[in-house]
Structures are given as structure tokens and as C-alpha cells.
Amino acid sequence: MAQHISRKELKQDKIAETFVHGVEAVESHQKQAWMIGGAVLVILLAVFGWRFYSEQQTVKAAAALEEAMKTFNARIRAVGEPEEPGEITYVEDKFKYMDAAKKFADVAGKYSLTRPGQVARYYAGLSYVQVGNFAEAKKWLAQVESGRDAEMAALARYQLAKVSAQTGAGAEAEKLFQALIAKPTIMLPKQVSMMALADYYSQKNPAEAVKLYTQIKTEFPDTAASDQAEQRLLELKAKS
């Protein structure tokens, strides 16, 4: 005969069942919490790990860039002239800048994601300009110009404009200078780009050069740029 289950026992069973479900739910939530917490921990470790790695790479890149800059700024000595102990010197500019270009390219290749790596790209371009390899110079400078650093991009654009002017691409040079004038930066203020464009015009279009030099004097009075513009105006007047 089946045992009779009292209301009290039935109630106790339901309470026990509810408790078990509650424990299971808590355990389930705890597992989810641990899973979520574990995922967050992995992300945090990845972020801090990458930050540490990035900082270490930047330190190494800065040291490598400094070594390359020693070559870029090396002294040109006369043949037979002695060197100072530990000093880097060259007897010809072209050898110095070719060596510098290789070193900057190496820094840029190894540390491409760091700021020193980006600066190295810029100086690789400048080094190739110095030896007259304008195609290679434009390649390196264009990489910096398309980067996310607005200041470095502006400096590279300025050098690209000068290369364009040197290589007969006048329309491209004017376009780049005008873009820099319209959007100056801290490292490349408006008057610098205006002077560069005016200097370019002074060889091709003196009338436009006079306009720009006069504008510089008006917009930037009592500055070095204004003094330079005044000197350029006197030189143009002397030629006319």
C-alpha cells in the first residue's frame, strides 16, 4: 500500500526542490560570471601585455633612431683630416646620406608601429632627397603623409611639395603648398608654407610672389617671416 504523504511533507518537498533549483541557478550564474570574468581578464592581460610590448618596442626604436640620426648629422671632414675618438664622419655628403637612408629604413622596417619608426620613414625620405633620388624620397615621404599623425603628415607633405617643385611638377607643388596653407599645424605654421610657395613663385611668377610676400607682412607683422618677406621683396625689386 502506498504511503500517505501529508501536506506538511509535501510542502517540505516543494521547499527542498525550490532550494535545489535556487542553488543550481546560483551555480549557473556563478559559472557565467566566472566565464565573463575570465574573458575580461584575458582582454585586460592582452591590453596591458600589448602596452608593455609597445612601450618596449618604442624604447628600442628610439635608441635605433638616435643612432641613425648620428649618421644623418655626421660631420663632413676633409680628406686626411683626423677624426675625434668615437666620432662618425664622412668625406662626401652622398655616402653619409646613403648610409643614413639605409639605417632609417631599417628602423622603419623593424619598428613600423612606433612613432620613432614613423619619424625614421620621414628622415629616410629626406636622406634620399639629399642624394637626388627623388623617386625613392617620394615613396618614403608618401608613407608618412598618409599616416594618422597629422603633424608628421604635414611635414611630409611639405617635403613632397618641395620635391615636386624641384622636379618640375609645379602644379602638384602649388596644390600641396596651398593645402598646407589652408590647414596649418603646430610644427608647420601657415607662414612657413606661404613663404615656401612665394619662393617658388619668385622663380616662375614674380607677381604672385609679391602678393604672397605682402600678405605675409600683413598677417604676421613683427615676426621673422615678415622680415624674410621684406628681404625677398627687396630682392625681387632689385631684379626688376
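The values are calculated or read from the model by the stated rules, or taken from the named source; none is laboratory data. Not measured: the values here are computed from a predicted model. Note that each Cβ is placed from the backbone with ideal geometry, even for glycine, and that neighbours are counted across all protein chains shown.
Here is how the numbers come out for the structure above:
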{"item": "Considering residues of segment 54-69 that are over 15 Å from the mean Cα position of the chain (by Cα) and buried (at least 17 other Cβ atoms within 10 Å of the Cβ) only, the residue farthest from residue 112 (Cα to Cα)", "result": "69"}
{"item": "Unique residue being of a type in the set (A, V, I, L, M), in the same structural domain as residue 215 (by TED's automatic domain parsing) and over 15 Å from the mean Cα position of the chain (by Cα) when the list is 98, 187, 195", "result": "195"}
{"item": "Some residue of segment 96-115 being more than 20 Å from residue 56 (Cα to Cα) and β-branched (Val, Ile, Thr)", "result": "no"}
{"item": "From the options 200, 213, residue that is within 29 Å of residue 121 (Cβ to Cβ), crowded, with 19+ Cβ neighbours inside 10 Å and touching a helix residue (DSSP H, G or I) at 6+ places or on another chain (Cβ under 6 Å)", "result": "200"}
{"item": "Contacts under 6 angstrom Cβ, first residue in segment 168-180 being in the same structural domain as residue 194 (by TED's automatic domain parsing) and on the phi < 0 side of the Ramachandran plot, partner assigned to a helix (DSSP H, G or I) and surrounded by fewer than 17 Cβ atoms within 10 Å (Cβ to Cβ), 6 or more apart", "result": "none"}
{"item": "Any chance residue 177 is touching a Ser or Thr at 6+ places or on another chain (Cβ under 7 Å), surrounded by fewer than 19 Cβ atoms within 10 Å (Cβ to Cβ), under 27 Å from residue 93 (Cβ atoms) and at pLDDT 95 or above", "result": "no"}
{"item": "Residue that is nearest to the chain's Cα centre (by Cα) [pool: residues in segment 163-174 that are surrounded by fewer than 19 Cβ atoms within 10 Å (Cβ to Cβ) and of a type outside the set (Gly, Ala, Ser)]", "result": "172"}
{"item": "For residue 151: the one exception among (1) of a type outside the set (A, V, I, L, M, F, W, C); (2) in contact with a Leu (Cβ under 9 Å, 6 or more places away or on another chain); (3) touching a residue at least 40 places away in the same chain (Cβ under 8 Å)", "result": "(3)"}
